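The block underneath contains the structure these notes are about, expressed in structure tokens.
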Amino acid sequence: MKILFHVNLRTMLRHFESVVLELAARGHTVRVASAAGRKDVPPPEVLASNERVSFVEVPDERSDAWATRIDELRMWRDYLRYLDKKFEHAPKLRARAIRKLAAVITHQERTHLVAFCPHCEGRLVDNDVGVILRTGLSKKGFNNLRSLFALIEETIPGDPVIDALLRDERPDVLVITPLIKLASRQPEFVKSARSLGIPVVYPVFSWDNLSTKGLVHVQPDAVLVWNDRQRIETMKQAELVARRLRCHREELVEP
């Protein structure tokens with residue numbers, strides 16, 4: 001079996017080095033893909049010296065008009081997650097998310113969102129702005145906004161350059177991690193793989209990733225988790241996304 005193993009950076013292989021070696025020992029071919037153009041370390045010698053393991057650099061972003069817009073879309077989706085009430089007592093996670101949102105939507109010109117109250121002229125910074133967004137919408141309106149973003153993601157086609165790369169590589173399966181960094185670009189590979197009929201496996205990078213990072217924007221075929229809590233969280237998130245998309249598809253169908 002030929003396995004394409006996509007990681008953002010080769011430094012992330014520290015969690016999976018033994019897995020890659022075991023796959024090679026069982027006769028599989030492992031092709032490790034990482035983002036081109038990023039500062040990275042050389043491949044680990046123990047993997048580079050294995051005849052069944054090879055390395056390839058792949059695009060770090062889309063090649064079409066969606067290249068920037070899809071980053072913004074995913075960052076908005078990731079940030080809306082942190083406006084959920086379950087994150088009210090996680091101010092550091094919320095603050096990190098809104099700083100990333102500010103950077104993405106201003107193309108790195110800002111790392112904070114600032115506004116002023118039209119009545120008292122009080123200064124509103126970061127989370128204050130987010131709270132206004134959250135309280136200004138009804139629960140239904142807030143859920144509709146999240147569902148709209150999910151539907152937009154689903155309707156965006158795969159990137160033609162990544163499609164062509166996967167056709168050339170012809171893997172039997174795509175393994176991809178960490179996948180859920182804020183405004184991650186890795187979902188492009190999941191999107192293209194699924195459109196080409198290539199199974200996608202997502203091994204969660206760390207024990208706390210599902211509760212402290214972004215969303216799984218494009219659903220893989222299988223998720224490998226660390227514990228039962230992650231298993232339950234993964235199932236709930238997948239069910240929630242599916243339900244929202246189903247509701248919006250029904251609304252779009254004319255009677």
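Computed from the coordinates by the stated procedures, all read-outs in this text should not be read as laboratory data. On a predicted model such as this, the values are computed, not experimentally measured, just so you know. Every residue, glycine as well, gets a Cβ built from its backbone with ideal geometry; the counts of neighbours run over all protein chains shown.
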**Q.** Stokes-Einstein translational diffusion, the range 1-124 - Kirkwood Rh over all Cα pairs, 0.890 mPa s, 25 °C, in µm²/s
**A.** 137 µm²/s
Q: Would you mind calculating the gained length between Cys117 and Leu148 on full extension (0.36 nm times residue separation, minus the Cα-Cα distance), in nm to one decimal?
A: 8.3 nm
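Grab the beta carbon distance between Val125 and Asp172, set R0 = 45 Å, and tell me the FRET efficiency rounded to 0.05.
Numbers: r = 50 Å, r/R0 = 1.10.
The computed FRET efficiency comes out at 0.35.
Would you calculate, for the chain, the mean residue ellipticity at 222 nm contributed by helices, counting each DSSP H stretch of 4 or more residues as -39,500 (n - 2.57) and dividing by all residues, to the nearest 500?
Working: 10 runs with 120 residues, N = 255.
Roughly -14500 deg cm²/dmol at 222 nm, from the helical runs in the chain.
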Q) Ordered by residue, what ³J(HN,Hα) values in Hz, to whole numbers, does the range 110-125 give under the Karplus form 6.51 cos²θ - 1.76 cosθ + 1.60, where θ = phi - 60° and Gly and Pro are x? A) 9, 10, 9, 9, 10, 9, 10, 5, x, 9, 9, 6, x, 7, 10, 10
Q. What is the antiparallel percent of DSSP beta bridges lying wholly in the chain, to the nearest 5?
A. 10 percent
Q) Put a dot 7 Å past each Cα toward the Cβ at Ser206 and Asp228; how far apart are the dots in nm? A) 2.5 nm
Q. Going by the alpha-carbon gyration tensor, a ≥ b ≥ c the square roots of its eigenvalues, is the range 69-154 rounded (a/c under 1.5) or, if a/c is not under 1.5, prolate (a/b greater than b/c) versus oblate?
A. oblate
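First check a/c for the range 141-220, with a ≥ b ≥ c the square roots of the eigenvalues of its C-alpha gyration tensor; if it is under 1.5, answer rounded, and if not, answer prolate when a/b is larger than b/c or oblate otherwise. All intermediate terms of the calculation are to be shown ahead of the outcome.
Numbers: a/c = 2.54, a/b = 1.31, b/c = 1.94.
Oblate is the answer for the range 141-220, as a/c is 1.5 or above yet b/c matches or exceeds a/b.
Normalised by the residues of the chain, what does the relative contact order come to in percent, with Cα pairs under 8 Å and at least six apart?
On the way: 348 pairs, mean separation 47.3, N = 255.
Averaging sequence separation for qualifying contacts and normalising by length gives 19 percent for the chain.
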Q) Which value, in Å³ per residue, describes the convex hull spanned by the Cα atoms of the chain? A) 157 Å³
